[in-house]
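Worksheet: the structure to be examined is printed underneath.
Each value in this text was obtained by applying a stated rule to the coordinates, not by laboratory testing. Please read these numbers as outputs of a predicted model, since none were measured by experiment. In this analysis, Cβ positions are derived from the backbone assuming ideal geometry, glycine residues included, and neighbour counts consider all displayed protein chains.
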Amino acid sequence: MAIGKGRKNNYFLYPFLSFAIRQRSTSYIHVVKVYFISGLAADGRVFKNLRLPSGFEPVYLDWIQPLKDESLRAYALRLAEKIDRREKFVLIGLSMGGMIAVEIANHIPVELTIIIASIPFSNHLPYYFRVGARLYLHHIIPISLIKNAAIAKRLFTTETKEDKELLKSIIRESDPNFIKWALAAILKWNNGTAPQNFIHIHGSRDEILRIRFTKPTHTIPKAGHLMVMNRSQDINKILETVLPSLLNSDS
């Protein structure tokens, strides 16, 4: 009789035991944060078409106000203060954001650094940028003209209508003072060190940072500078290949 009662009581305990087991198992699921750093005159919305594999959580780093005459390296280290370093993490940087990601990864431990449509070394910056710097064109040309040209360019690009409107909105909302600082900081950037573990994804038809001046680890044929918007499927395939292995590595 006592045994029967014990079994009957156990039936009431099963749901609670099952819940406790599930809670314990889920507590061991480790999610790796992926910090996204956008390009010049852009924000986290440009990454809207990218998809991370299961086990990864996107975090979009917003720009901070640069200090007067601040270098790209100094700015990167201040931006890195937003990163939770208690657990391993991944960096993904687009264009100028890739340069900043490289600087962060060269100074603090990063599980993997991925740069898209960017360059890991300052000497990979195309020569025509250097010529423009010597002529002080980044001081002479109004930022409003640069923004209007970027908006007009959307007429000839291959993004969807929705993405074109989003890009126009992002460009219009961008801070002219930030753009002016960023242009000068990029032209003065000096780095010859690559992160220990990094991947460089570049389009073969990048019209801003031409592929012939750099050496990417992954090339997407016929893709341009904003391939995060119109060639996201190709980038997602690479992310699906390289990211999951990090979940199996030691913390």
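Over all alpha-carbon pairs in segment 31-247, figure out the percentage whose distance exceeds 22 Å.
Details: 11233 of 23436 pairs.
For segment 31-247, the share of Cα pairs beyond 22 Å comes to 48 percent.
Once both labels are positioned 7 Å from their Cα atoms along Cα-to-Cβ, the gap between Asn236 and Arg78 label points is 3.7 nm.
Of His124, His107, His202, the sequence from fewest to most neighbouring Cβ atoms within 10 angstrom is His107, His124, His202. Exposure proxy shown here: for Arg78, Arg212, the number of other Cβ atoms within 10 Å sets the order, fewest to most, as Arg212, Arg78.
Look at the dipole of segment 31-247 built from charges on Cβ: of Leu183, Ser71, Ser232, the Cα furthest out on the positive end belongs to Leu183.
Please compute the net charge surrounding Ser204, taking Lys and Arg as +1 and Asp and Glu as -1 over other residues with Cβ under 12 Å from its Cβ. Walk me through the numbers before you get to the answer.
Working: positive: Arg205, Arg210, Arg212, Lys222, Arg231; negative: Asp206, Glu207, Asp234.
Charge balance near Ser204 sits at +2.
Neighbours of Ala80, meaning other residues whose beta-carbon lies under 11 angstrom from its beta-carbon, give a summed charge of +1 when Lys and Arg score +1 and Asp and Glu score -1. Extension gain for Arg205-Val59 works out to 49.7 nm (0.36 nm per residue, less the C-alpha to C-alpha distance). For the listed residue pairs Lys48/Lys68; Lys48/Lys237; Lys48/Lys88; Lys48/Lys161, the alpha carbons are over 21 angstrom apart in Lys48/Lys68; Lys48/Lys88.
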